[in-house]
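Contents: one structure, followed by commentary.
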There are 4 protein chains.
Amino acid sequence: MSKEDISTVGLGRNRIEALTDGIFATVMTVLVLSLSVPVISTVNLPSELAVDLESLLPNIVSYVISFIVIGVYWVGHHAVFHFVKRTNRPLIWLNILFLLCVGIIPFSTALIGKYPFQQITTTIYGANLIAAGLSLYALLWYSNSNNRLVDKQHDRQLVNLARRRILVGPLVYLVAIILSFIDTRISLIIYAITPIYYILPGKIDLHWSR
Amino acid sequence: MSKEDISTVGLGRNRIEALTDGIFATVMTVLVLSLSVPVISTVNLPSELAVDLESLLPNIVSYVISFIVIGVYWVGHHAVFHFVKRTNRPLIWLNILFLLCVGIIPFSTALIGKYPFQQITTTIYGANLIAAGLSLYALLWYSNSNNRLVDKQHDRQLVNLARRRILVGPLVYLVAIILSFIDTRISLIIYAITPIYYILPGKIDLHWSR
Amino acid sequence: MSKEDISTVGLGRNRIEALTDGIFATVMTVLVLSLSVPVISTVNLPSELAVDLESLLPNIVSYVISFIVIGVYWVGHHAVFHFVKRTNRPLIWLNILFLLCVGIIPFSTALIGKYPFQQITTTIYGANLIAAGLSLYALLWYSNSNNRLVDKQHDRQLVNLARRRILVGPLVYLVAIILSFIDTRISLIIYAITPIYYILPGKIDLHWSR
Amino acid sequence: MSKEDISTVGLGRNRIEALTDGIFATVMTVLVLSLSVPVISTVNLPSELAVDLESLLPNIVSYVISFIVIGVYWVGHHAVFHFVKRTNRPLIWLNILFLLCVGIIPFSTALIGKYPFQQITTTIYGANLIAAGLSLYALLWYSNSNNRLVDKQHDRQLVNLARRRILVGPLVYLVAIILSFIDTRISLIIYAITPIYYILPGKIDLHWSR
């Protein structure tokens, strides 16, 4: 067992990452189950099939957005765990809390895909993403405060950049929820474009490259 | 192949843990499928959607509880396998029995989520958790009795603490089943709070830290 | 890249085993989806719920049997790959053929669980297991004939024992299919007890232990 | 952390391959969910069951084809990543784009399985495979152009062969879509036989063996 694998309950960083990768892989795949094949009585009518498939469009859009959003959290999780050198009981349970929030995204995705312009589904979707983002933030904060589970000589400025970067999502999603009371389409546009911020390179990449 | 990987059928500890992590990851994700998106004929009525989503509340609560309970078993499994240095045929099949019990949790979760106050669903849920707990106990007992699959010099007191700790769950769940004949709500509360015992640090952590 | 990882298309033994473990983990979990929660209009009638749950019994039995059968194939696959030192294109595709057969087991399980006493479902289930067994046999045969992908000095007698052991399943399942024309209950009993042969230790274990 | 694991955001080649393998394993398993067990009111009529199962045949054929097609992409992905020595932000997101395309295959498979002779489902299926093929091509192109993420001394001719080989699929599928306007059966035959090109050994294997 390598030094990186030191843990208090036999669960090293590698094991936690294995469960995390497995859950992310399954969640990203389960998303597709929200796309249900339309059932049409008269198969001979291709026009009806076309109409039914068109009505699936919001589901396909929400599939794509959620797949990318979960990809953002996956990248974020690995960035957070890049620093973690030891594990302990609270870290494991904060991580399971994070996975619980990620694991419910297929439900809120199917919900907003079916009822895209309802204030309530827009709020649930945003609240789900906020919860995931905040629990990721908690993971970073907990492992780094007082150098609890990280090396002392690691780049503090990089951690501060990462903390701010993670918080952008929950803040923007909060704004989206508030705006959903005016017009849910504004919220949907915000949900669609926020991942771009995380996909594009940022100040943080300058630090990683060092 | 490292010394830790010695096995009688080509299946070392690492392989068994890979299957176990994979099943745990999938089971935790599949839980969410018990949350089905309500189908409403008149989408224009947000109030009806709100009512329907509210009726999903027991499902969401049971999702959260089961996700955490499965997390408890995952942590427990790794603690048990922390000691295992060799594998053999009975260990592999005890492990598959354990995974079989864990794999059925999404069904009993969906069941108790849909019919939360029925004596029968409360019993099935509790019986499922008891079966998972007892098979985990069997794994610990089998690998440790006569130092069958563990090192001789390992901490016996730690193993005894672990055995008692694992048995708490099945015992408490048995009480919950009995109390379900009086009032199922008592059982539900017991199911909800039992994981806290396993999440909080216990006497066992003092031993791990050494 | 270790010597064991030599491959002609960048796919070493480890990668193939990773996909295989992942598919096995998911297939074993997806089995549970054949257990659907009954929908009862009058929730106040616990008796009706009990009846509906009782009618799920064949599904639960088939879940348990299939979970164990898939466990048998998983153990078998690793025994087969224990010898494999090199990979090549035909091995990769024989392995994908094997996984294709394993991947369809949740469907034939759900089928036999819903219509347990029908000749046709009994035949489909048996044919599925035969296909999985024969493709596993093909994997062992292909990698070993002419020492194609194995070391020359490995135990030939062990391989012969393994080949015979793998063939027992398909042969017994063929008999079960034939007997299903007389009485499907005989076939079901055969499906239920065949895994025991693979779980119990056999002559082959004497060789492994060496 | 090995030299192969160098990355700019804490995500080395191994981590990306772990998520990829996990998603491929789950996608290949989730395919089977498109095979739904027929619900028959009068179970006593085996003939009706036989008819219903026969009507599942297109679904079973599309399950088999898609399983193999996804196997082709899995082999292709590992061939592409065989060269990759470093990772960076665009590579991670090109890979997630590729996984997004692969992850939607279970939906288009269920669609073409249910409505096999419709021009629209044939087109959607083909478009899905083209998108997956082109994103795989983008991964190979991006990592190799200007030796961006690969070693300088690696076999350029091999990469060129791989690029041409990957492009065959999208081109053939484009032809299949065009021909679907004449007769969808021609397209289905093309979808069924195209994987054979990738399964059979080609010029590229001569290079790998070196």
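No value in this document is a laboratory result; all are computed from the given coordinates. Keep in mind it's a predicted model, so treat the numbers as computed, not measured. Every residue, glycine among them, receives a Cβ derived from its backbone with ideal geometry; neighbour counts consider all protein chains shown.
Assign one of three labels to the protein assembly as shown, namely rounded, prolate or oblate, based on the Cα gyration tensor with a ≥ b ≥ c the square roots of its eigenvalues; rounded applies when a/c is under 1.5, prolate when it is not and a/b is larger than b/c, and oblate otherwise. Rounded shape, in that the Cα axes give a/c under 1.5. With neighbour counts taken as other beta-carbon atoms within 10 Å, the residues D:E17, D:E54 rank, fewest first, as D:E54, D:E17.
Highest mobility in the GNM of chain D, judged by mean-square fluctuation with C-alpha springs under 10 Å and restricted to D:T194, D:T26, D:T122, is found for D:T26. Residues A:Y63, A:Y142, B:Y197, arranged from fewest to most other Cβ atoms within 10 angstrom of their Cβ, appear as B:Y197, A:Y142, A:Y63.
Looking at the square roots a ≥ b ≥ c of the eigenvalues of the Cα gyration tensor of segment D:102-210, which shape do they give, rounded for a/c under 1.5, prolate if a/b is larger than b/c, or oblate? Prolate, because a/c is 1.5 or more and a/b exceeds b/c. In terms of surrounding Cβ atoms within a 10 Å radius of their Cβ, B:I178, C:I65, A:I16 rank from fewest to most as B:I178, C:I65, A:I16.
Going by a ≥ b ≥ c, the root eigenvalues of the Cα gyration tensor, does segment B:49-160 fall in the rounded group (a/c under 1.5), the prolate group (a/b larger than b/c) or the oblate group?
prolate
Which whole-number percent gives the relative contact order of segment C:25-179, counting Cα pairs below 8 Å spaced six or more residues apart?
On the way: 141 pairs, mean separation 41.4, N = 155.
Reported as a whole number, the value is 27 percent.
Shown for segment C:3-209 is the translational diffusion coefficient from the Stokes-Einstein equation, using the Kirkwood radius over Cα pairs, a temperature of 37 °C and a viscosity of 0.692 mPa s: 178 µm²/s. In chain B, the DSSP-assigned H stretches of four residues or longer account for a calculated mean residue ellipticity at 222 nm of -24000 deg cm²/dmol, using -39500 (n - 2.57) per stretch and the full residue count as denominator. Distances between equivalent label points of C:V61 across the copies, with each point positioned 7 Å along Cα→Cβ, amount to 3.6, 3.6, 5.1 nm, shortest listed first. Which of C:L91, C:L11, C:L35 moves most in a GNM of chain C, Cα contacts under 10 Å? With Cα springs under 10 Å in chain C, the top fluctuation among C:L91, C:L11, C:L35 is at C:L11.
Pick from D:G76, D:G126, D:G22 the residue whose mean-square fluctuation is largest in a GNM of chain D, springs joining Cα atoms under 10 Å. Evaluated over chain D, the most mobile residue of the options is D:G22.
Using a 7 Å projection from Cα along Cα-to-Cβ, the label point at D:P46 is separated from the same position in the remaining copies by 4.1, 4.1, 5.7 nm, smallest value first.
Per-residue mean of foreign Cβ neighbours for C:30-39 is 6 (Cβ atoms of other chains, 10 Å radius). Sorted shortest first, the distances from the D:F117 label point to those of the same residue in the other copies are 3.8, 3.8, 5.4 nm; each point sits 7 Å from Cα along Cα-to-Cβ.
So, in segment A:3-209, how many Lys pairs have Cα atoms under 24 Å apart, if the pair is 8 or more places apart or on different chains?
For segment A:3-209, qualifying lysine pairs total 4.
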